[in-house]
Each structure stands twice: as C-alpha cells, then as structure tokens.
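A quick write-up on the structure given underneath.
The values are calculated or read from the model by the stated rules, or taken from the named source; none is laboratory data. Model, not experiment: these values are computed from the prediction. Don't worry about glycine lacking a Cβ; one is built from the backbone with ideal geometry, like all the others, and counts go over all protein chains shown.
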Amino acid sequence: MKFKPFALAAITALCTLQVQAQKTRTIVVDPAKQTAKVQPEMWGVFFEDINMGADGGIYAELIKNRSFEFYKPMMGWKVEGKRIEGDVLVLNRQESKSSNPRYIRVKTGGKQTDLALYNEGFKGIGVKKGLEYDFSVMYRQQQKGLKLHIALVDSTGKVLGQSELIPEKPDGQWQSQHASFKSAETVEKANFKIWFEGEGAIDLDMISLFPGDTWKNRKGGLRGDMVQLLADMKPGFVRFPGGCIVEGHDLSTRYQWKKTIGPVADREVIINRWNTEFAHRPSPDYYQTFGLGFYEYFQLAEDIGATALPILNCGMACQFNTAELVPLDELGPYIQDALDLVEFANGAVSTPWGKVRADMGHPEPFNLKMLGVGNENWGPQYLERLELFTKALKSKYPDILLVNSSGTDPDGERFDLLNTSLRKMKADIIDEHYYRSPDWFLKNANRYDSYDRKGSKVFAGEYAAQSKAIANPGNQNNWECAIAEAAFLTGLERNADVVHMASYAPLFAHAEGWQWTPDMIWVDNLNVYGTPNYYVQKLYSLYKGTDVVSILEDNKFISGQQGIYASAVTDSETGELIIKIINPGKETLSREIQIKGSKKAAATAQLILLQNNNPGAVNTFSNAVNVSPETSPLSVKNNKVNLELKPYSFNLIRVDLKGKGVL
C-alpha cells in the first residue's frame with residue numbers, strides 16, 4: 001500500500017507528537033541561584049481555645065468546673081447519698097475574692113455517710129492503667145473531724161484507684177493539700193468521686209486532679225502526648241491565644257492576659273465565646289479557667305524551640321457578634337496592656353512586670369520578638385485604633401515586629417481596604433486568612449509571585465482547605481484538602497521574601513467536644529492523632545531549609561501549569577537540597593530532576609512520600625497513619641534524579657550536595 005504524501009506527513013507528525021507526549025519532562029534546580037531567605041519561624045502553629053483545645057484538651061486538668069465558677073455553680077458535679085437540706089451549699093465571697101468567689105460547704109452528721117460528690121470530667125475522664133494521679137484541694141475547716149476519700153470510678157461505680165486525705169489544719173484559714181494514687185485499669189470515661197467519713201463541716205475549692213504524665217512532668221501542667229505532636233513538628237512559632245477568643249463575643253468576654261497569670265486559684269474563670277457560637281454544636285459547659293495562661297504559653301513556646309506570637313485585643317469585640325468598640329479616647333488601658341506584655345516577656349526582674357514573670361519561676365526573659373494587635377478585625381475603626389497602638393509600641397519598643405489584621409477573607413472590599421492602608425502605613429507583617437475550597441488553594445499557589453518584594457511581609461496566619469464549606473460541620477480532614485494545601489504552600493515557600501510565616505488553623509479538636517472542622521490534630525480522652533494536614537505542615541516545618549533556590553520547568557515557576565507544583569530550598573547547616581513536588585492529580589507523571597552546578601551530588605538521595613490513591617482518605621483513632629510519610633532511597637546519576645510522581649502525592653526529595661550519601 002502506498003501513502004499519499006500528505007497522509008504520510010500527517011502520520012509522521014502524529015508519531016512525533018506521541019513521542020513528545022511520552023517524553024519525560026525536565027525540572028531544573030539551581031542550588032547556586034538563591035532567590036530568598038527562609039525565616040527561622042517560617043512554619044508554625046496557631047493555638048486557640050476552640051474545640052476543647054485548652055480545658056479538656058492540652059491543659060491536663062481532669063476536673064470540670066473545679067472552682068464552681070460556671071454559670072451554674074454545680075455544672076459538671078452531682079451530689080449523691082443521704083443528706084438533708086443545707087448539707088451541700090454553694091457560697092459566694094464576691095467582696096473578698098472577686099476572681100474566684102465561689103466555694104462549697106459540705107456538712108456530715110455521723111461517722112459513716114454515703115454523701116458523695118461526683119465529677120464527670122470533660123466528656124468523661126480518661127484513665128490509664130498504672131499511671132499515678134495527683135489530687136489537690138483548697139479547704140477550710142474550724143475543727144478536725146472529717147476524712148476525705150477520693151477515687152476514680154468507672155460507669156458501674158467500680159473503683160479504679162483511690163486514696164484518702166485527712167485535712168491537717170483546723171484553723172479556719174484556707175489551706176492546700178495533696179494526695180496521689182494509681183489506677184488499676186484503663187478506662188476512657190471514668191468519673192471522679194469524693195465521699196466523706198466523720199462528722200463536721202468543711203469548705204472546698206479548687207478540687208483538682210491531674211495525670212502523672214504531663215509534659216516534662218510538670219505538676220498541674222499540659223497533656224504530654226498533645227505537646228509531643230507539636231514538638232515533633234519543630235514549629236518556628238506558636239501563635240496564641242487565638243483567634244476569635246481574643247475579641248470575645250463582647251468586650252466583657254475578651255481575652256485579658258493579665259487575668260491569666262499568677263497563682264492559678266486567682267485566675268478569673270470566664271465563659272468561652274465558642275460556648276454558644278454554633279447552633280449545630282452548643283457547648284453550654286465550655287469555659288476558660290486559664291490554667292493555661294500567658295506564662296504557660298510562653299513556656300510552651302520555649303519548650304519546643306518556637307518563637308512566641310501573642311495576639312492582643314485592640315479595643316474591638318467580634319464584629320460578627322456585637323461589634324462593640326472602645327472609644328478612642330478610652331483606649332489607653334488596652335494600649336498599656338500591650339506595653340506591659342512586652343515588659344512581662346522581656347523586662348528585667350527589676351521592672352514591675354519582669355518581676356511578676358520572675359516570681360512565677362522564669363527570671364530570664366522570654367525574648368519576645370513579635371506581637372499581634374487585633375484578630376480578624378476590619379474597617380476604618382480598626383485602622384484608627386491600630387494607629388494608636390503602633391505609635392505607642394514602636395515608640396517604646398521599636399524592634400518588636402507588629403502583626404496586623406487583614407480581616408476575615410483573602411479578597412474583597414474588607415481585604416482591599418486593609419491591605420492597601422496597612423501597606424501605606426508600612427506595617428511590619430499583615431495577617432492573611434484563607435478558609436476556602438481545595439480548588440481555591442490550587443488556583444492561588446502563585447498568589448504571592450507578584451507581591452512587592454520590599455513592602456510589608458505576609459503572615460498566612462490561618463489556612464485550611466474546606467471539604468464542604470466554611471464552618472460546615474461535615475468538613476473532613478481528607479487527603480484532597482491536604483494535598484491542595486501542600487500545593488499552595490509551594491507558593492508560600494517560593495515567595496519566602498514576601499511570606500514571613502504560616503500556620504494551619506485550628507490546631508486541636510476533641511472528638512466529642514468540637515465546634516469547628518476541619519482541625520489539624522484530633523484527640524479523645526486517651527488518644528491523639530495527626531491528620532493528613534498535620535503531616536503536610538510537619539514536612540514543611542522539618543525541612544524548611546535556609547534559602548529558597550531556583551526550580552523551573554520550561555524556564556517557568558512550577559505552579560500547576562503542567563499538573564504539578566514545586567519549590568526548593570537549600571539548608572546551609574546540613575548542606576542539603578530539599579525539593580518539594582506535589583502532584584494533586586489522578587495520573588502518574590514522570591519527571592527528570594536536573595541539579596545544576598559543578599558540585600557532584602551524592603549517589604543516593606532520600607524520598608519522603610506522603611501519598612494515598614484515595615483523595616477522600618482520612619486518618620482516624622483506629623488508623624492514625626493511614627495517610628503518613630514513608631521514606632525510601634532515590635538514585636542520583638550525574639546530578640539527575642528520575643522520579644515517578646504518583647497520583648495525589650507530596651514528594652519531598654533530600655539531596656546531599658556534599659556528596660556523602662543518604663541523609
């Protein structure tokens with residue numbers, strides 16, 4: 001058969017196109033071409049007391065409403081046993097102790113009594129076999145005569161562990177006393193019980209129980225397994241205490257840092273603004289005890305090697321709730337709180353607030369570098385208040401970097417007003433938030449490519465892809481969302497001269513006590529696991545490098561044009577090149593990675609792969625590592641790496657530029 005000339009030409013062209021389509025594309029990385037410095041605090045964590053993140057979460061206290069300060073004083077408590085009217089009373093000493101006015105008075109009438117107090121804990125009390133539990137109580141009695149029996153019991157009333165406490169000082173003054181015991185079993189939902197032996201009356205307050213495995217074994221400290229997941233990330237910063245609780249539903253429920261320091265018993269309990277925020281997740285028993293206060297936040301950041309980033313109220317309550325404002329001429333106390341916080345964190349022990357820090361056990365300064373003024377506030381009313389804060393803070397502490405709000409969204413009128421105005425004000429850092437669909441994250445990976453290199457820096461302060469819709473209770477921490485976030489973060493890393501730092505939000509959620517989804521780390525009373533989103537943020541944080549370097553395909557940034565997203569950094573301390581390539585699509589893609597330069601790379605590199613063929617995959621308590629990193633070697637020949645990019649994959653390649661081998 002003979003082909004006509006035009007037919008032969010068409011077949012030849014088709015074959016050529018097929019060969020070209022099958023040809024592996026090349027990614028060129030130039031470690032010598034450094035384009036930006038990566039800030040040490042680039043990848044961090046954002047903490048807010050939402051979803052039982054603090055009380056019932058990372059703050060390890062097991063007793064709910066330990067000081068009877070909830071709206072209903074006996075919320076969380078139950079009184080059982082034979083008694084007459086007046087045997088258990090709630091008393092109020094408002095005039096003498098306004099920060100902790102309530103306590104209870106218990107009277108018993110004989111040597112043996114079945115009068116008992118039960119506490120349900122936070123969605124039950126998680127108890128571990130063989131673990132020691134530390135009980136403490138503040139009491140006042142006029143004469144001896146009562147013995148307190150304390151125990152953890154299961155749902156049937158079976159005692160899991162117990163001890164007894166005989167009050168020592170019947171002098172009519174408030175005293176503190178401790179006891180401890182071990183549990184014989186592991187139970188997810190136990191109750192705490194106090195019952196009484198003897199005859200007499202006793203006043204009780206600050207009834208407290210902590211597990212013995214707190215972080216660094218600190219008495220009255222933080223839940224160790226939750227902190228460990230943060231420490232494993234090696235985050236560059238910890239932003240605290242929020243979030244919307246900074247603003248409060250109204251100004252009376254705003255976060256006031258000075259009320260969260262000093263003796264724990266003197267810290268004023270207030271309602272948590274997430275208590276009734278969502279009709280689909282009412283939480284009437286959600287309060288803030290501030291056992292986790294500003295001192296503990298600074299201590300936590302120091303423990304895990306992170307920079308502290310506190311956020312303060314700017315004289316504005318939540319604009320979605322009440323939009324309550326402090327008049328400009330009455331803003332002085334709010335500004336003074338900010339000035340005093342810097343002194344608390346950094347001041348010498350000879351200063352008033354430096355002495356407070358020292359008296360709490362930390363004479364050395366916390367070395368605060370950054371401070372946020374306002375959270376998700378917007379409009380001209382925010383700008384005029386911010387101007388007063390900035391003037392006062394920069395006048396006294398010019399080296400403190402100030403983080404300013406760009407509102408609730410990454411675009412629109414609110415954002416445009418704030419972004420334009422803040423840049424004219426030469427703001428240090430502008431806090432941008434993105435709660436959007438996975439598709440938005442993919443399409444906006446190049447968001448910062450055109451930002452002013454010399455202008456205000458960006459803090460991607462809250463980001464999370466939403467599988468359904470913002471604040472939808474059906475949102476999931478699935479792999480589709482996490483892989484989209486990973487792609488978006490290549491753009492943040494590539495533009496590290498614009499983006500100063502970034503953090504996923506929210507951080508924690510209790511499986512039975514959440515108000516908002518999705519969340520990075522999930523916990524119950526005994527367990528904790530990281531979501532796919534956690535592993536994405538962790539890989540960026542662990543392998544952040546020190547310098548952004550050129551990585552191109554077809555001489556262009558790799559930002560979705562050919563189905564993949566990529567960024568690259570070098571680490572001047574380890575001498576390695578770190579390449580991050582994300583394939584969010586359903587097809588396998590082939591790439592040859594060519595590493596430019598005269599230095600010969602090691603013959604073997606390391607691939608850290610985060611991948612799942614199911615974009616709907618999630619991690620769970622029963623399968624916490626369903627989507628988690630796996631490590632394998634990669635061959636390097638003549639400074640080239642051939643890589644098959646699996647569907648829905650985050651590929652992190654570590655190459656030793658010193659030529660020594662697998663890192």
Legend entry - In region 607-644, residue surrounded by the most Cβ atoms within 10 Å (Cβ to Cβ) [restricted to those that are under 13 Å from D656 (Cα atoms) and touching a Ser or Thr at 6+ places or on another chain (Cβ under 6 Å)]: L607
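Need a quick list: strands (runs of 3 or more DSSP E) entirely within region 427-532 having at least 1 residues that are at negative phi and in contact with a Gly (Cβ under 9 Å, 6 or more places away or on another chain). Quick ask: steps written out before the conclusion?
On the way: elements: 429-436, 457-465, 499-504, 508-510, 521-523, 528-530.
Strands (runs of 3 or more DSSP E) meeting the threshold: 429-436, 457-465, 499-504, 508-510, 521-523.
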Inset, instruction - Go through region 48-87 and give me each residue that's among the hydrophobic types (A, V, I, L, M, F, W, C) and under 26 Å from G212 (Cα atoms). - result: I50, M52, A54, I58, A60, L62, I63, F68, M75, W77
Inset, instruction - Starting from region 160-188, take each residue that is assigned by TED's automatic domain parsing to the domain that holds L526 and list its partners that are in a strand (DSSP E or B) and modelled with pLDDT of 95 or more, counting only C-beta distances under 9 angstrom and pairs at least six apart or across chains. - result: none
Inset, instruction - State whether the residues of region 235-249 include one that is exposed (fewer than 15 other Cβ atoms within 10 Å of the Cβ) and touching a residue at least 12 places away in the same chain (Cβ under 8 Å). - result: no
Legend entry - Condition broken by R494, with the remaining ones in (1) farther than 27 Å from I58 by Cα; (2) surrounded by fewer than 23 Cβ atoms within 10 Å (Cβ to Cβ) satisfied: (2)
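Residue-by-condition table, conditions (1) in contact with a strand residue (DSSP E or B) (Cβ under 8 Å, 6 or more places away or on another chain); (2) not acidic (D, E):
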position	(1), (2)
W77	yes, yes
E85	no, no
V88	yes, yes
E95	no, no
S98	no, yes
Y103	yes, yes
N119	yes, yes
Legend entry - Failed item in (1) in the same structural domain as A445 (by TED's automatic domain parsing); (2) surrounded by fewer than 21 Cβ atoms within 10 Å (Cβ to Cβ); (3) in contact with a strand residue (DSSP E or B) (Cβ under 8 Å, 6 or more places away or on another chain); (4) not small (G, A, S), with Q561 passing the rest: (1)
Inset, instruction - Collect the residues in region 121-150 that are under 15 Å from W195 (Cα atoms) and of a type in the set (D, E, K, R), keeping them in residue-number order. - result: K147
Inset, instruction - Within region 132-142, identify whether any single residue is in contact with a helix residue (DSSP H, G or I) (Cβ under 8 Å, 6 or more places away or on another chain), surrounded by fewer than 22 Cβ atoms within 10 Å (Cβ to Cβ) and under 19 Å from T289 (Cβ atoms), and answer yes or no. - result: yes
Inset, instruction - Determine whether region 432-444 contains at least one residue that is buried (at least 23 other Cβ atoms within 10 Å of the Cβ) and within 21 Å of E376 (Cβ to Cβ). - result: yes
Legend entry - Subset of region 101-154 that is at pLDDT below 95 and of a type in the set (S, T, Y) - its residue that is nearest to L526 (Cα to Cα): T113
Inset, instruction - Tell me which residues, restricted to region 155-188, are aliphatic (A, V, I, L, M) and within 16 Å of I125 (Cα to Cα). - result: V159, L160, A184, V187
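Which residue, of S550, S567, is over 22 Å from the mean Cα position of the chain (by Cα) and surrounded by 22 or more Cβ atoms within 10 Å (Cβ to Cβ)?
On the way: S550 fails: surrounded by 22 or more Cβ atoms within 10 Å (Cβ to Cβ).
Among S550, S567, only S567 is over 22 Å from the mean Cα position of the chain (by Cα) and surrounded by 22 or more Cβ atoms within 10 Å (Cβ to Cβ).
Show me the helices (runs of 4 or more DSSP H) found entirely inside region 287-400 where at least 3 residues are acidic (D, E).
Details: elements: 294-303, 332-346, 352-359, 380-396.
Where helices (runs of 4 or more DSSP H) fall fully within region 287-400 and carry at least 3 residues being acidic (D, E), they are 294-303, 332-346.
Here's the yes/no breakdown for (1) over 25 Å from F320 (Cβ atoms); (2) surrounded by 21 or more Cβ atoms within 10 Å (Cβ to Cβ):
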| residue | (1), (2) |
| --- | --- |
| R385 | no, yes |
| K391 | yes, no |
| R414 | no, no |
| A427 | no, yes |
| K454 | yes, no |
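Out of the strands (runs of 3 or more DSSP E) lying entirely within region 555-663, which hold 1 or more residues that are touching a Pro at 6+ places or on another chain (Cβ under 6 Å) and not basic (K, R)?
Numbers: elements: 565-571, 576-583, 589-595, 604-611, 630-635, 640-645, 649-656.
Qualifying strands (runs of 3 or more DSSP E): 565-571, 576-583, 604-611.
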